[in-house]
Every structure is written in C-alpha cells, then in structure tokens.
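Step one of this worksheet: look at the structure below.
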Amino acid sequence: MTPNSPERSWPLWEVFTQGRDGEPHQHAGSVHATDAEHALQNARDVYARRNEAVNLWVVPSAAITASTPEDMGPFFDPANDKAYRHPQFYKVPKGVKVF
Amino acid sequence: MSAPLFDALLRLGDDRLVLGHRTSEWCGHAPILEEDIALANIALDHIGQANLLLQYAGAVEGGGRDQDALAYFRDAIEYRNALICELPRGDFAVTIARHFFHGLYSVLQWEALSNSQDATIAGIAAKALKESRYHVRHAGEWVIRLGDGTDESHARAQAAVHLLWPYTGELFLQPVDESALVAAGLTADVSTLEGAWRATVDDVLHRATLTAPDGVWMQRGGRAGRHTEHLGHLLAEMQIVARSHPGAQW
C-alpha cells in the first residue's frame, strides 16, 4: 500500500459554499478529511480563504446518490417532447420585467 | 515612552515574523494538499500581522525604518521573538504543538490588546484575534487527533510537547521596562495570561491523552536578543535577497 492508495487515504467530503446570506449553497469541490470538523476546516482553507463564502456545508461523498449514465434516457429524455411542462405558454402580466 | 513601546512592538512583531517564516517552510511539504494550504494560510496570517506590527514599530521609533528595514536588516541579536518561534520546524507534531501553544498565547494577547488605549494596537489586535482563533481551532483539533490517534502519532505528539514545553515559560515573562505602558493601558501584562493559557492547554492535552512535563527548567533569552543557533540560519535565508539587492523592486 502506498501512502496515497485509496485504502489509506481519508474519506472524501463534498464541499458546498454559500456566497452571501440568502443565496443557495453551491458545490465548490471536495476535500479529504478524517471527520466532519476536520472536513469543515479543510474546506475553509481550500475553498473559503479568499472571502468566497459566508457559510459552508460538508457532506460525506459516500452519502450522495447520483444518477448514472444509464439513467439518461428514462430520466431526462421524456421531458423534451412534453412542452406543456415548460411555462412559456403563460402570458406575463404587464409590469413584470424580470423575464 | 517611545523606546519601550518600540521594544514592545518588536516583541509582538518578531514572534509572528519568525514563526510565520518557519511555518512557510512547510509549503509544498505538508502531509496532504489540504494541510499544505492550511499551513501556508497560517504562515501568511503571521507574516501579515508582523507586517502591521513592524510598520507601526518603525513609525513609533521615528528613525525612518519601515517594516522591511526592520525585518531584513536586523541581526539575530536585535530580534526580540520568544525562542519557541525560532526552533526548527521539526515533524508535523512539533509544528502543530507549537501552533497550539503559541496560538493560544496569541489569542489571549490579542484579546487583551484589543482594549489598548493605543488605537493602532487595538486595531491590529482586533484583526489578528480572528486569525489566531482559527489557528488555535486548527491546531487544537490536530493535537487531539494526533495524541488520541495511533501509537505512532501519540508518541510523536507527546515528544513534541516535551520538546516545546521548556520554551513556553518565556512567553509569560513580563519585561520590566514595559510596566509604564501596561499602567497606561497601552499594552498587556503577559504574566496575567498564563493561568488561562494553562487551563486550556491542560484541557486539550487531557482530551488528547497527552501530559505536560512537570517542573522542567524553562528556557529564556529571546526577548533579550539571546537566541538559539537556529535563528541565525533562519534569518540568513529570509534576508539574503533583500541584503544582496538592497532597495530592489519586483
């Protein structure tokens, strides 16, 4: 086993940073750490040392369930021909300038 | 009062400059990438604090020396840092134990100095306090993990505590010539910080299953310019470029 082999390395944690109060947390990257507090500190040092964040989440990477490439068809394709799922048929009231 | 204030600022600034430079030696050598960045951040925090403190020291002295002149053109005998800051970086356990001991001392010092009647000192202390609190959190968590970790990490952490302990006493020696500054509320009496320091150290060492040595001889000398052989080597490396090319800009 080399020092960097997977069996010896610390668990991986996904890091989410919140740029400002009220903004959603966004995925920033990942760090290796022995536990949650350690992960928080490493995340702070790697992803928040230049004022990038006001809040941090760290989540064990193993706790994330991701869709697979095989899910591509059944999960996402059917949406393409179901135009009624998209809200572009609604008339935007006068005075609403956001869109 | 300017000479005692100058000396007091040198004691504050030199601690951070020397420890910051020592810590920067880890850049590219830390055990993992995340820790490499953490130690580089901590080193830069220290050098940033030193920059402010020595800049102010130069202004108080009024002799035209700026922070660069004080950092790069003083010899070891003119440095006023505590000996613990200049000891070789050692292994990771020594680095962590030193940051814990000195960081905790710094937190207590900045807390006291943030109430200084001198607005510049109070401002620097308020900024540095946030940084030092993080350094202690970082180092303290590591002390517990190393001490209460594997047999190897425990042995190294305990050896680091034994190595550094005799150098902790000097941190709390209050210089006589600072008494007027303390009385005027400009600086803090470091001897009053030892009780709080020791209580937190004992708590963390206990949680780390480590012990502090009892009744050891405490080293001193750094505050009077009597340094270990290690400071000269550190300064030679730190000062060589500035001394070879005085006034160079880049």
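Annotations
- Cut-off 20 Å, label 7 Å out along Cα→Cβ of B:Thr150, residues of segment B:11-44 by amide N: B:29-36
- Degrees separating the helix B:33-61 axis from the principal Cα axis of chain B, which is the longest one: 30
- Among B:Phe172, B:Trp217, B:Gly123 - extreme Cα towards positive end, dipole of segment B:96-250, charges at beta-carbon: B:Gly123
- What the Cα atoms of the protein assembly as shown give is an Rg and a Dmax of 25.3, 84 Å.
- Principal-axis analysis of the Cα atoms of chain B puts helix B:151-164 at an angle of about 30° to the longest axis.
- Mean separation of Cα pairs under 8 Å and 6 or more residues apart, divided by the residue count, gives segment B:55-142 a relative contact order of 24 percent.
- Dividing the helix sum by the residues of the protein assembly as shown, where each DSSP H run of 4 or more adds -39500 (n - 2.57), gives a mean residue ellipticity at 222 nm of -17000 deg cm²/dmol.
- All Cα pairs of segment B:34-135, percent lying beyond 17 Å: 59
- Acute angle (nearest 10 degrees) that the helix B:2-24 long axis makes with the longest principal axis of chain B, alpha-carbon atoms: 40
- Global geometry of segment A:12-89, whether rounded, prolate or oblate, following the gyration tensor of its Cα atoms and the 1.5 cut on a/c: oblate
- Peptide A:42-48 shows a mean partner chain C-beta count of 5 within 10 Å per residue C-beta.
- Taking Cα centre as origin and charging only the Cβ of basic (Lys, Arg, +1) and acidic (Asp, Glu, -1) residues, the dipole magnitude of segment B:62-125 rounds to 100 debye.
- Separation of the B:Gln174 and B:Asp75 label points, Cα + 7 Å toward Cβ, nm: 3.4
- Point-charge dipole on Cβ atoms (K/R +1, D/E -1) for segment A:12-89, about Cα centre, debye to 20: 260
- Lys/Arg +1, Asp/Glu -1 at C-beta; the protein assembly as shown dipole; positive extreme among B:Leu39, A:Pro78, A:Ala39: A:Pro78
- Counts of other chain beta carbons within 10 angstrom of each beta carbon in peptide B:130-139 average 1.
- Rounded to 0.05, the FRET efficiency of the B:Ala126 and A:Ala66 pair, given R0 = 51 Å and the Cβ-Cβ distance, is 0.70.
- Residues in segment B:133-157 reached by a label modelled at B:Ala196 [backbone nitrogen below 14 Å; 7 Å Cα→Cβ]: B:133
- Net charge dipole, chain B: roughly 180 debye, given to the nearest 20, about the Cα centre with Cβ charges of +1 for Lys and Arg and -1 for Asp and Glu.
- Measuring r between the beta carbons of B:His29 and A:Tyr90 and using R0 = 56 Å, the FRET efficiency lands at 0.40.
- Here A:Lys91 is the anchor, and the lysines within straight C-alpha reach of less than 29 Å, apart from those fewer than 8 places off in the same chain, are A:Lys82.
Bear in mind that the values in this text are calculations on the coordinates, not laboratory data. These numbers were taken from a predicted model, which means no experiment stands behind them. Using ideal geometry, Cβ is built from the backbone for each residue, glycine included, and neighbour counts are taken over all protein chains shown.
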